[in-house]
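Quick one: the structure is below, questions incoming.
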Amino acid sequence: MKIYHQLGHNHLWAFDSYEKHNIGDGFIFTAYSFKYGAIGEKLHGISPEKYLTRSMIDLQYYGKKDAIGGQLATYPFNPVNIEDKSGTRVGAIESIVNGVEYQINLDLKNIIIPIFYYETSDQEKIINLVNKINKSMKTYKKQYPNKRFFLTLPLSNDLIKDPTAVKNILEVLTDMNICFDGYYIVCDYSPGYKMKISIDFDYYKNLSKIFSVLNQQGFKSIYGYANWDALIFTAASYIDYVTIGTYENLRRFNIKRFLESPSGGPSEGWYFSEKLLNFIRAEDLKLIRSRDCLDLIANDKNIFSDIILDPKYIWNSHKPDVHKNYLLSISRLLSSLAKEDSLDSSFTVAKK
């Protein structure tokens, strides 16, 4: 398993984590955060020769023509720029193909094929679009045999909890006629009340099934916008690429981000503890410190945890230490789990 940084706001922290602290294996750029033309140029003094060889791009077509915000509209082939006037209309497939060609021209090894987001009630639309994209990509597969093509698979919360819908989608994704090398999977899930991750058993069961079936059928998988619940999926099934991110919007896919203006209340930020496998509110660190219980949450052999928990540390959620603590902790946990047999592989061995 490889660990990739999902890049967005303050992506320099991810670059630093990779270069200076050996965290992660590569990067997934998000179009929302990077203006058209920026990827492939020098970024923060880092030449494209150094980062492009280990990079992928999520072009984020999720919102279709209704997408707003960020840098999406700067990409001429993004669906938001599709014209509706007769004679100038650009079809959805052409928009997708242009996005693929953009990545090929950057000489990326792994190509993420963009696709639109649909609700669970639109299963037929999803299936039809997958088949159309598959047909259009066969030429590129033959023309570029050394590149790998991953189709984006954005799953709504309702779809991922519906076993029938999951079964229907998997039948299409694993059809003998499919030419994709794998899938870039993102999930628009709902966290539990006053929680940061889902507590729905069907969410974990069905998504683990998707990863397992794809792996068994020889497809590679990328888990995009992965939160720390990725630990469960890594333990339950084999995943080829798992992403890690700094801010929450890089760890939690939400279709509303592409359709509505961002909003949210103030927050002092969070501290991630490996021992608790959970985040702790910054406000609660004061209480934990006053009761001399920091050893219960301190991350071992983590310089960022040491810095943050120092009594003289002045907390600020926009300091890199806060986020690098999470990146280092979660990457170590994922790497440790990846070395073990997954529940799925253990089950397979037991069956034999």
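The values are calculated or read from the model by the stated rules, or taken from the named source; none is laboratory data. Fair warning: this is a prediction, and the values are worked out from it, not measured in the lab. Cβ coordinates were reconstructed from backbone atoms using ideal geometry, including for glycine residues, and neighbour counts include every protein chain displayed.
Could you pull out the residue among Lys109, Lys42, Lys135, Lys125 that is exposed (fewer than 14 other Cβ atoms within 10 Å of the Cβ) and within 28 Å of Phe15 (Cβ to Cβ)?
After ruling out the rest, the residue left standing is Lys42.
Which residues, taken from region 166-199, are assigned to a loop (DSSP other than H, G, I, E, B), over 21 Å from Gln6 (Cβ atoms) and among the basic types (Lys, Arg)?
Lys194
Same structure, new question: Condition first: closer than 19 Å to His5 by Cα and either modelled with pLDDT of 95 or more or surrounded by 20 or more Cβ atoms within 10 Å (Cβ to Cβ) (or both). Now tell me which residues in region 239-258 satisfy that.
Correct list: Ile239, Asp240, Tyr241, Val242, Thr243, Ile244, Gly245, Thr246, Leu250, Arg251, Arg252, Phe253.
Looking at (1) modelled with pLDDT under 95; (2) in contact with an Asp or Glu (Cβ under 7 Å, 6 or more places away or on another chain); (3) outside any loop (DSSP other than H, G, I, E, B), which is the one condition that is false for Phe304?
(1)
Regarding region 50-59, can at least one residue be identified that is of a type in the set (D, E, K, R), surrounded by 14 or more Cβ atoms within 10 Å (Cβ to Cβ) and more than 28 Å from Phe304 (Cα to Cα)?
yes
Looking at Tyr118, Tyr144 in this structure, which one is under 22 Å from Ser221 (Cα atoms), of a type in the set (Phe, Trp, Tyr) and at pLDDT below 95?
Result: Tyr118 is the single residue among Tyr118, Tyr144 that is under 22 Å from Ser221 (Cα atoms), of a type in the set (Phe, Trp, Tyr) and at pLDDT below 95.
Please specify each residue of region 183-199 satisfying the condition of being touching a strand residue (DSSP E or B) at 6+ places or on another chain (Cβ under 7 Å), buried (at least 21 other Cβ atoms within 10 Å of the Cβ) and not β-branched (Val, Ile, Thr).
Correct list: Tyr183, Tyr184, Cys187, Asp188.
Further question: Can you run down the residue pairs with Cβ atoms below 8 Å, 6 or more apart or on separate chains, where the first is in region 139-165 and in contact (Cβ under 8 Å) with a residue 60 or more places away in the chain and the partner is part of a helix (DSSP H, G or I) and of a type in the set (Val, Ile, Thr)?
Matching pairs, first to second residue: Pro154/Ile255; Ser156/Thr120; Ser156/Ile255.
Go through region 54-73 and give me each residue that's over 18 Å from Phe258 (Cα atoms) and either of a type in the set (A, V, I, L, M, F, W, C) or modelled with pLDDT under 95 (or both).
The answer is Met56, and nothing else.
Name the single residue, out of those in region 156-194 being hydroxyl-bearing (Ser, Thr, Tyr) and more than 25 Å from Thr243 (Cβ to Cβ), that is farthest from the chain's Cα centre (by Cα). Show your work before the answer.
Here is the first cut: in region 156-194, the ones hydroxyl-bearing (Ser, Thr, Tyr) are 156, 164, 174, 183-184, 189-190, 193.
Filter once more, keeping what is more than 25 Å from Thr243 (Cβ to Cβ): 164, 193.
Values: Thr164: 24, Tyr193: 23 Å.
The qualifying residue farthest from the chain's Cα centre (by Cα) is Thr164.
When Lys147 is evaluated against the numbered criteria (1) exposed (fewer than 14 other Cβ atoms within 10 Å of the Cβ); (2) in contact with a helix residue (DSSP H, G or I) (Cβ under 8 Å, 6 or more places away or on another chain), which criterion, by number, is the only one it fails?
So the condition that Lys147 fails would be (1).
Mind counting the residues in region 15-43 that are farther than 26 Å from Phe77 by Cβ and either assigned to a loop (DSSP other than H, G, I, E, B) or touching a residue at least 40 places away in the same chain (Cβ under 8 Å) (or both)? Let's see the steps before the verdict.
Step one: filter region 15-43 for residues farther than 26 Å from Phe77 by Cβ, giving 15-25.
Adding the requirement that they be either assigned to a loop (DSSP other than H, G, I, E, B) or touching a residue at least 40 places away in the same chain (Cβ under 8 Å) (or both) leaves 16-17, 21-25.
Matching residues across region 15-43 total 7.
For region 200-237, which residues satisfy the criterion of being more than 16 Å from the chain's Cα centre (by Cα), buried (at least 20 other Cβ atoms within 10 Å of the Cβ) and not in a helix (DSSP H, G or I)?
Passing the criteria: only Ser237.
Sticking with this one: Going by what's in this entry, would Leu170 be described as surrounded by 14 or more Cβ atoms within 10 Å (Cβ to Cβ), under 18 Å from Asn206 (Cα atoms) and touching a Phe, Trp or Tyr at 6+ places or on another chain (Cβ under 6 Å)?
Working: surrounded by 14 or more Cβ atoms within 10 Å (Cβ to Cβ): yes; under 18 Å from Asn206 (Cα atoms): yes; touching a Phe, Trp or Tyr at 6+ places or on another chain (Cβ under 6 Å): no.
So Leu170 does not fit the description; no.
Let me ask something else about it. With the structure loaded, tell me whether Asn78 is within 26 Å of Phe27 (Cα to Cα) and either of a type in the set (Lys, Arg) or in contact with a strand residue (DSSP E or B) (Cβ under 6 Å, 6 or more places away or on another chain) (or both) or whether it fails that test.
no
A quick yes/no check of all residues on (1) within 28 Å of Ser156 (Cβ to Cβ); (2) modelled with pLDDT of 95 or more; (3) surrounded by 13 or more Cβ atoms within 10 Å (Cβ to Cβ):
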residue: Ala31; (1), (2), (3): yes, yes, yes
residue: Ser47; (1), (2), (3): no, no, no
residue: Tyr75; (1), (2), (3): yes, yes, yes
residue: Arg89; (1), (2), (3): yes, no, no
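Does region 103-133 hold any residues that are more than 14 Å from Ala92 (Cβ to Cβ) and assigned to a helix (DSSP H, G or I), and which are they?
Gln103, Ile104, Asn105, Thr120, Ser121, Gln123, Glu124, Ile127
May I pose another question? What residue, of Ile93, Ile82, is loosely packed, with under 15 Cβ neighbours inside 10 Å, touching a Ser or Thr at 6+ places or on another chain (Cβ under 7 Å) and modelled with pLDDT under 95?
Just a single option satisfies the conditions, and that option is Ile93.
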